[in-house]
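The values are calculated or read from the model by the stated rules, or taken from the named source; none is laboratory data. What you are looking at is a predicted structure, and each value in this text was computed from that prediction instead of being measured. So basically every Cβ, Gly included, is an ideal-geometry build from the backbone, and we count neighbours across all protein chains shown.
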Amino acid sequence: MKKILVAGVAAVIMGLSGIAAAVPGNAASAPSHIAGQIMVKFRDNGAAAGVLRQHGLKEGAGIGSTGAQLIEVPAGKELNLVEALSRNPAVEYAEPDQTATADSDDQYFPRQYALQNDGQSFSNTLSTMTVAAGTVDADVDAVEAWSVTTGGGMRVAIVDSGVAIDNTDIAPKVVARANFSDAATGEDKYGHGTHVAGIVAAIRNNNIGVAGVCPDCSILDVKVLNDNGSGSSSAIAKGIDWAVNNGAQVINMSLGLRVSSRTLETAVNNAWNRGVVLVAAAGNAGTPAQIYPGAYPNVIAVAATDNRDDKASFSSYGAKWVDIAAPGVNVYSTFPNHPFVLGTQNGRAMGYDVASGTSMASPIVAATAALVWSTQACPTNADVRAKVESTAERKSGTESFWANGRVNASKAVAGACP
């Protein structure tokens with residue numbers, strides 16, 4: 001294995017900052033809901049047109065498999081109309097469309113401590129990570145898992161900001177793409193989705209870049225966040241539905257909402273009922289406050305650990321709703337090879353670099369679930385989830401942070417299902 005060290009950069013907290021923004025500092029300016037539209041589900045669709053007409057509105061397009069409609073409304077009137085429609089007995093529910101935000105012999109494999117850590121110290125130019133020899137086991141044993149399976153035949157949907165077409169370490173793994181954001185194209189101009197996708201399935205043993213936790217997995221690129229890393233609950237719901245219809249066995253959502261959405265939860269439950277494992281970031285607020293979709297029962301919520309196997313300082317937590325943890329500090333992965341928004345921060349490089357956040361921890365768990373699926377030892381999504389969670393490594397002192405331990409890919413793919 002050829003070890004090449006390159007100048008790195010300081011990472012920022014990505015994915016979820018109190019679920020207000022993908023990076024710190026944007027929370028105050030981020031609107032809580034999308035202007036000009038709301039989501040409405042009727043008890044009787046035959047009554048929809050008449051009810052909406054009373055408020056000067058028209059029927060809208062369906063939102064995936066949820067049964068809800070996306071209704072155009074005058075900007076600034078969203079909450080008033082939600083309240084008025086909710087009082088109508090023909091309406092099952094009406095709600096705002098909430099804002100969501102983004103929370104091997106490969107060249108840089110030695111920098112991927114999350115996959116394999118041999119107890120050696122290593123550092124970047126601007127950010128230093130040190131592991132005392134023989135004292136900390138902070139990785140997920142991905143290399144050991146590869147002796148059992150590398151995930152061939154599995155499809156993992158990356159519901160995010162897109163996957164760059166110009167990074168040859170991840171673009172060839174994308175088998176289908178869809179754009180549900182308000183961005184003009186499906187290209188990843190934000191950078192978040194490309195980084196997440198690389199953590200899952202970057203090509204192994206190609207002498208460049210990095211390796212994904214599930215290196216032979218395929219990727220479904222589901223763009224729901226626009227070029228500034230912002231999206232809507234309706235877009236996520238439609239993206240989930242599209243992913244299921246296009247063969248996703250696992251869906252990763254490194255994003256979140258401050259407020260629960262019945263439409264989004266319906267999409268999540270529909271996907272679960274069709275046999276899909278869903279994984280989401282727990283958030284970067286550093287508090288036990290729940291965020292969604294991570295807090296839904298049918299989603300595996302993932303907190304972040306650091307290279308000492310401790311809870312990352314920024315990670316949200318809470319054993320009542322956070323299910324598992326995974327490395328999320330200074331995680332090395334793919335970025336676009338064209339200018340992207342996150343590349344303007346902290347001198348981050350094009351192509352490859354580090355980032356931190358529960359957004360980086362979530363895809364490690366999603367990829368581990370895909371590895372478990374590929375062994376064919378676990379016949380259902382419930383079995384796969386139970387295997388991933390029951391084989392996690394528990395560390396004393398973290399019991400109140402998450403219900404299970406830090407994910408271990410090698411243990412997850414070994415043996416029979418629980």
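How many of the residues making up the range 261-273 are assigned to a loop (DSSP other than H, G, I, E, B) and surrounded by fewer than 17 Cβ atoms within 10 Å (Cβ to Cβ)?
If we filter the range 261-273 for residues that are assigned to a loop (DSSP other than H, G, I, E, B), which is where we start, we get 261.
Still in the list and also surrounded by fewer than 17 Cβ atoms within 10 Å (Cβ to Cβ): none.
So the count comes out to 0.
Report, by residue number, each residue of the range 222-242 that is under 12 Å from residue 97 (Cα atoms), assigned to a helix (DSSP H, G or I) and small (Gly, Ala, Ser).
Applying the first criterion (under 12 Å from residue 97 (Cα atoms)) to the range 222-242 yields 231-237.
Remaining after also requiring assigned to a helix (DSSP H, G or I): 233-237.
Matches in the range 222-242: 233, 234, 235, 237.
Does the range 294-316 include one or more residues that are on the phi > 0 side of the Ramachandran plot and at pLDDT 95 or above? Outline the logic, then answer.
Of the range 294-316, the ones on the phi > 0 side of the Ramachandran plot are 309.
So of that shortlist, the ones also at pLDDT 95 or above come out as none.
No; the residues of the range 294-316 include none that is on the phi > 0 side of the Ramachandran plot and at pLDDT 95 or above.
Within the range 310-365, track down each residue that is in contact with a strand residue (DSSP E or B) (Cβ under 7 Å, 6 or more places away or on another chain) and of a type in the set (Phe, Trp, Tyr).
314, 317, 321, 332, 335, 352
Yes or no: residue 203 at pLDDT below 95, part of a loop (DSSP other than H, G, I, E, B) and farther than 15 Å from residue 277 by Cα?
Working: at pLDDT below 95: no; part of a loop (DSSP other than H, G, I, E, B): yes; farther than 15 Å from residue 277 by Cα: yes.
So residue 203 fails the test.
Restricting attention to the range 366-386, report how many residues are out of contact with any strand residue (DSSP E or B) (no Cβ under 6 Å at 6 or more places or on another chain), farther than 15 Å from residue 301 by Cα and surrounded by 24 or more Cβ atoms within 10 Å (Cβ to Cβ).
Summing the residues that are out of contact with any strand residue (DSSP E or B) (no Cβ under 6 Å at 6 or more places or on another chain), farther than 15 Å from residue 301 by Cα and surrounded by 24 or more Cβ atoms within 10 Å (Cβ to Cβ) in the range 366-386 gives 3.
Give me the residue from the range 307-329 that is small (Gly, Ala, Ser) and more than 18 Å from the chain's Cα centre (by Cα) and, out of that set, farthest from residue 385 (Cα to Cα). Let's see the steps before the verdict.
Within the range 307-329, the first condition is being small (Gly, Ala, Ser), and the residues that meet it are 312-313, 315-316, 318-319, 325-326, 328.
Filter once more, keeping what is more than 18 Å from the chain's Cα centre (by Cα): 313, 318-319.
Numbers: 313: 26, 318: 19, 319: 16 Å.
The residue in question is 313.
Being of a type in the set (Val, Ile, Thr) and buried (at least 24 other Cβ atoms within 10 Å of the Cβ) is the filter here, so list the residues in the range 322-359 that pass it. Give the derivation first.
At the first step, the residues of the range 322-359 found to be of a type in the set (Val, Ile, Thr) are 322, 324, 329, 331, 334, 341, 344, 354, 358.
Those that are of a type in the set (Val, Ile, Thr) and buried (at least 24 other Cβ atoms within 10 Å of the Cβ): 322, 324, 329, 331, 334, 354, 358.
Check every one of the strands (runs of 3 or more DSSP E) wholly within the range 280-372 and list those with 1 or more residues that are in contact with an Asp or Glu (Cβ under 6 Å, 6 or more places away or on another chain), closer than 21 Å to residue 155 by Cβ and of a type outside the set (Gly, Ala, Ser). Spell out how you get there, then give the answer.
Working: elements: 300-305, 324-327, 331-334, 352-355.
Ranges flagged: 300-305, 331-334.
With buried (at least 17 other Cβ atoms within 10 Å of the Cβ), among the small types (Gly, Ala, Ser) and at pLDDT below 95 as the only criterion, which of 138, 133, 157 stands out?
Details: 133 fails: buried (at least 17 other Cβ atoms within 10 Å of the Cβ); 157 fails: at pLDDT below 95.
The unique qualifying residue is 138.
Looking at the range 234-263, I want the residues that are under 14 Å from residue 221 (Cβ atoms) and have a partner that is in a helix (DSSP H, G or I) and not aliphatic (A, V, I, L, M) with Cβ atoms under 6 Å, at least 6 apart or on another chain. Which pairs are those?
Filtered contacts from the range 234-263: 252/362; 252/363; 254/359; 254/362.
Which residues, taken from the range 387-397, are crowded, with 19+ Cβ neighbours inside 10 Å and part of a loop (DSSP other than H, G, I, E, B)? Show your work before the answer.
Within the range 387-397, the first condition is being crowded, with 19+ Cβ neighbours inside 10 Å, and the residues that meet it are 387-389, 391-392.
Once the filter is applied, which keeps residues that are crowded, with 19+ Cβ neighbours inside 10 Å and part of a loop (DSSP other than H, G, I, E, B), the range 387-397 yields 391, 392.
Residues in the range 46-66 that are of a type in the set (Gly, Ala, Ser) and touching an Asp or Glu at 6+ places or on another chain (Cβ under 8 Å): how many?
5
Among (1) over 30 Å from residue 307 (Cα atoms); (2) surrounded by fewer than 14 Cβ atoms within 10 Å (Cβ to Cβ); (3) at pLDDT below 95, which single condition is residue 125 missing?
Unmet condition: (1).
Can residue 175 be described as part of a strand (DSSP E or B), assigned by TED's automatic domain parsing to the domain that holds residue 257 and more than 28 Å from residue 311 (Cα to Cα)?
Spelling it out, residue 175 is indeed part of a strand (DSSP E or B), assigned by TED's automatic domain parsing to the domain that holds residue 257 and more than 28 Å from residue 311 (Cα to Cα).
Does the range 46-54 contain at least one residue that is at pLDDT below 70, part of a helix (DSSP H, G or I) and out of contact with any helix residue (DSSP H, G or I) (no Cβ under 6 Å at 6 or more places or on another chain)? Working first, answer last.
Quick first cut of the range 46-54, residues at pLDDT below 70 only: none.
The answer is no, given that none of the residues of the range 46-54 is at pLDDT below 70, part of a helix (DSSP H, G or I) and out of contact with any helix residue (DSSP H, G or I) (no Cβ under 6 Å at 6 or more places or on another chain).
Every residue in the range 326-341 that is aromatic (Phe, Trp, Tyr) and under 22 Å from residue 141 (Cβ atoms), please.
First, the residues of the range 326-341 that are aromatic (Phe, Trp, Tyr): 332, 335, 340.
Hit for the range 326-341 is 332, nothing else.
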